Amino acid sequence: MMRKLSVSEIHYSCDPKSLKCKSSSESKAQRTIFGQERAVHAMLFGLDIQDQGFNIFAAGVSGTGRTTAVERFLESVASEKPPPSDWCYVHNFEDSYRPHAIRLPVGKAHEFQKNLDVFYKAIVEDIRAAFEGENYAEQREASIGTFKKKKEKIFKDLGKIAKEKGFGLQMAAMGIMTIPLKDGKPLSEEEFLKLEQEEREQLNQNQEQLQEEIEAAVRQTRDIDKEAQTALEKLDQQVAHFVLHHLVESLEEKYKDIPDVLAHLEAIHHDVLENLSQYKAEPKRDEQPVPIPAPKKTQTNKYQANVLVDNSKVTGAPVVLEMNPTYSNLFGRIEQEAYMGTLVTDFTLIRGGSLHQANGGYLVLPAEEVVRNPFTWESLKRSLRNREISIEQPVERPVFTTKSLRPETIPLDVKVILIGRPDTYQLLLALDDDFRELFKVKADFDSQMDRDEKRIQEYISFVCTLCENEQLRHVDQYGLARIVEHGSRLANEQGKLSTKFGELADVIREASYYAGSEDADLITAEHIEKTIEERFYRASLMQDRMRERMADDTIKIEVDGEKIGQVNGLSVLQLGDLTFGQPSRITASIGLGKQGVVNVEREANMSGPIHTKGVLILSGYLAQKFAQNKPLSLNAHLAFEQNYGGVDGDSASSTELYAILSALSEIPIKQGIAVTGSVNQKGEIQAIGGVNEKIEGFFEICKLKGLTGKQGVMIPPSNVKNLMLKQEVLSAVENDEFHVWSVETIEDGIEVLTGEKSGERTEDGGFETNSIFDRANRRLDQIAKDMAKFSK
């Protein structure tokens, strides 16, 4: 069946009066996901289930507002949950290369950091003051005096022994020296040699005995010195412990419910007692040396805290959107500083990443960027699998000699939402075994939704939300209706609306600009229409150049008159952000032979597989129609004239079949009618894509060369629901200057193209006399006879 379509059938208008508001300002702004029930259902399930591996992959085409929608949805869910704990790193006194990670109640990390800073200052000031106090000095002197008296007694007794043995004692740099005496006076070397042999031997023997006494006395004094040192250290420990006890006790009371903090305070207490020398004041010097600038990196304060995560300003669970998921941005890093010719680091240079900030909440990542960044994908899988975050250097062999750390891992509790294209999801599912185990929930974002009253109201809410958030002018009733119609055009279906809210938002922003330039209070339908036209005009340079070539016959396209074996087919070209329709001249030539239908494009290796299949299908139609009682002897060449870029798709198969039927029957085809639609072997016209662009593309050529009122386009009936033609075409159809036909079968189509009957099959297997099929059949009979004659 064939029928000419009316204006209401080629454009599904939205009645402005059917809208429940006079402008978008009367609607209510909503931070929700519009028209994505399936995706919302999957998101709710994935966020609610707490078992391992139920992370989410939000799949959808770019421009559907996936990222913004997911972020807003997560914020609404996260607002009902408590904020997670804070985290900080502190020095590990047992192994400085393995800093400790401490979990703190929300908002307590910076407080803990400040408390430790105050604690350290108090340690320095109070301990130093205690060591400089009179009480400490008196106790020290008393302790030293006791041991000094013991040493004096030892040396006094040693002096008596020496005197009894005829020697005197003298302190020297090398130790205690013995000097022989006679009559209480020291002997010189000459006097010693003048002594009798027996007397000298007696002195030598006494000297040896005295030397043993001296060594014993020295040992005793050393033991006394050690005892004195131990006593002084014990005194220092007692003094410091007395000071520390009050300082630590106040902090322990604050953090009595956090075992890690208590353990760290105990470690600080122990470390201070082991390093008391650094808290004593250095002895004063009479002459101060010229100060030398210290290196930039000084010794780190071991007693401070490095805040890694601070959730004091977070309300609800954190929602982190990381659009640049490099390894360091996601997992943190260990910074390094140049010091004394090398690179060094310590626990204060540990920096957290997005995974730390999102811990206890939600992390949104672009899937393609995660997979593309080195180390990121494998490390993310490892963290999710092990449920912990590890901060480490991704490169195991750095170029420079560096001092590195291996901080303690932090437990991970996060929901990761990857946002990517559907093909990315399929690739990861096919090529990565871990992906299936770690991202078990797929949230499919559709590119369109039903066009009903509820969805139209959601469109208006979206417009209201956008205008209020970005301080744009609101849209009036007629402008809203035009936006709804444009949404159907983007969805390529009358009963649907596009969910590419990013593109719709750009239209509204640009329309607001045009309304502002005219000082209008509201955006009108004229502003929306101007925006759509301007956006197309800015990108349509290539289309205009090609149309100019068709207008001056550089590319030959006829839109008037009749020709045998020649039809205008329609195709769609996409160049970046520009999609437009373009007519192509398709011709068929018939001759003797048994080659059948020869696809010139295929012979030249310019035909894609789908186009080749379409040609083979139309060959099946010819065989079913005309080769029931005889072999199909045919040599038909099909060609896309002036085509130099290749052909694919089967939308021209019906067009090629019409050209062959015209060539066989020698009945001319009206050149003012263009054709699109694929065909099956039964002659039924099937749906194609880009129907709006194809019709508008042919209309533009007809307009350039002059509208005659007889021009138009034939489309499959299944594509009528896709029609959302622009206003200029609607006006031409309404004024009977251009036509759109819905054609179900080849029989219907050939009648429109030629004005002749296609021809019903008769009882004898032939067709109605002088019909198109009858003439084509008689031509095939003649070709068969001629072939038989030549074969003899």
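Structure notes:
- Relative to the longest principal axis of the Cα atoms of the chain, the long axis of helix 37-48 makes an angle of roughly 20 degrees.
- Lys, Arg +1 and Asp, Glu -1 on Cβ, resulting dipole of the chain about Cα centre, debye, nearest 20: 1660
- Positive end of the dipole of the chain (Cβ unit charges, origin at the Cα centre): among THR769, GLN170, GLN209, the Cα lying farthest that way belongs to THR769.
- Helix axis angle, 109-132 relative to the chain longest principal axis, alpha carbon, degrees: 10
- For the peptides 679-686, 74-81, 477-484, the ranking by mean Cβ contacts within 10 Å, running from highest to lowest, is 477-484, 679-686, 74-81.
- Distance between the 7 Å Cα→Cβ label points at ASN629 and VAL218: 13.9 nm.
- Mean projected area in nm² (Cα convex hull; one quarter of hull surface) for segment 548-761: 11.8
- Only helices enter this figure: runs of n ≥ 4 DSSP H residues, each worth -39500 (n - 2.57), summed and divided by the residues of the chain, yield -15000 deg cm²/dmol at 222 nm to the nearest 500.
- One chain, two ends: VAL118 and LYS148. Fully extended at 0.36 nm per residue, the span grows by 6.8 nm beyond their Cα-Cα distance.
- Derived scalar couplings between HN and Hα for segment 264-273 equal 5, 5, 5, 5, 5, 4, 5, 5, 4, 5 Hz in order, rounded to whole Hz, by the Karplus curve 6.51 cos²θ - 1.76 cosθ + 1.60 (θ = phi - 60°), x for Gly and Pro.
- Evaluating 6.51 cos²θ - 1.76 cosθ + 1.60 at θ = phi - 60° for every residue in segment 420-429, the Karplus couplings come out as x, 6, x, 5, 5, 4, 5, 5, 5, 5 Hz, glycine and proline recorded as x.
- Separation between Cα centres of segment 598-621 and segment 111-174, rounded to whole Å: 106
- Reach of LYS254 by Cα under 27 Å, taken over lysines that are not fewer than 8 positions away in the same chain: LYS81, LYS108, LYS114, LYS121, LYS302, LYS313
- In units of the compact-protein estimate 2.2 N^0.38 Å, the chain shows a Cα radius of gyration of 1.71.
- Between segment 557-582 and segment 1-79, the alpha-carbon center distance in angstrom: 36
- Amide H to amide H, with H built 1.01 Å from N, ILE33 comes under 5 Å of no residue 5 or more places away or on another chain.
- Between LEU573 and GLU227, the contour length at 0.36 nm per residue exceeds the alpha carbon distance by 114.8 nm.
- Taking Cα centre as origin and charging only the Cβ of basic (Lys, Arg, +1) and acidic (Asp, Glu, -1) residues, the dipole magnitude of segment 508-639 rounds to 1300 debye.
- Distance (nanometres) between label positions extended 7 Å along Cα→Cβ at ILE49 and TYR537: 5.3
- Under 5 Å, built H, 5+ apart or other chain: amide partners of PHE738: VAL733
- Phi angles of segment 318-330 translate, via the Karplus equation with coefficients 6.51, -1.76, 1.60 and θ = phi - 60°, into HN-Hα couplings of x, 10, 10, 10, 10, 8, 10, x, 6, 4, 5, 5, 8 Hz per residue; Gly and Pro are given as x.
- Rg to Rh quotient for segment 131-277, alpha carbon positions, Kirkwood Rh: 1.32
- For VAL597, nonlocal amide neighbours, meaning residues 5 or more places apart or on other chains whose placed amide H falls under 5 Å from its own, are ALA636.
- Rounded to the nearest 10 degrees, the angle from helix 477-491 to the longest Cα principal axis of the chain is 90 degrees.
- Per residue, the convex hull spanned by the alpha carbons of segment 728-792 comes to 129 Å³.
- A straight line joining the Cα centroids of segment 193-268 and segment 628-705 runs 108 Å.
- Proximal aspartates and glutamates to LYS256, defined as alpha-carbon separation beneath 16 angstrom and excluding residues fewer than eight positions away on the same chain: GLU111, GLU266
- Each peptide in 229-239, 509-519, 611-621 was scored by the mean count of other Cβ atoms within 10 Å over its residues; highest first, the order is 611-621, 509-519, 229-239.
- The chain - percent relative contact order, Cα under 8 Å, separation 6 or more: 17
- Simple spin-label estimate for SER96 and GLU468 gives 5.8 nm between the two label positions (7 Å along the Cα-to-Cβ direction from each Cα).
- Note on the chain: antiparallel DSSP beta bridges, both residues inside, total approximately 65 percent of the bridges counted.
- In straight-distance terms, cross-link reach from LYS613 covers every one of the lysines whose alpha-carbon lies under 24 Å from its own, apart from those fewer than eight places away in the same chain; here that gives LYS594, LYS625, LYS682, LYS694.
- Dipole of segment 548-761, positive end: most advanced residue of ALA588, VAL733, ILE688 [Cβ charges, Cα centre]: ALA588
- Check: segment 548-761 dipole with +1 on Lys, Arg Cβ and -1 on Asp, Glu Cβ, in debye: 680
Readers should treat all values here as calculations from the given coordinates under stated rules, not as data from a laboratory. This one's a predicted model, so the numbers in the text were calculated from it and none came from an experiment. No Cβ is skipped: glycine too gets one built from the backbone with ideal geometry, and neighbour counts run over all protein chains shown.
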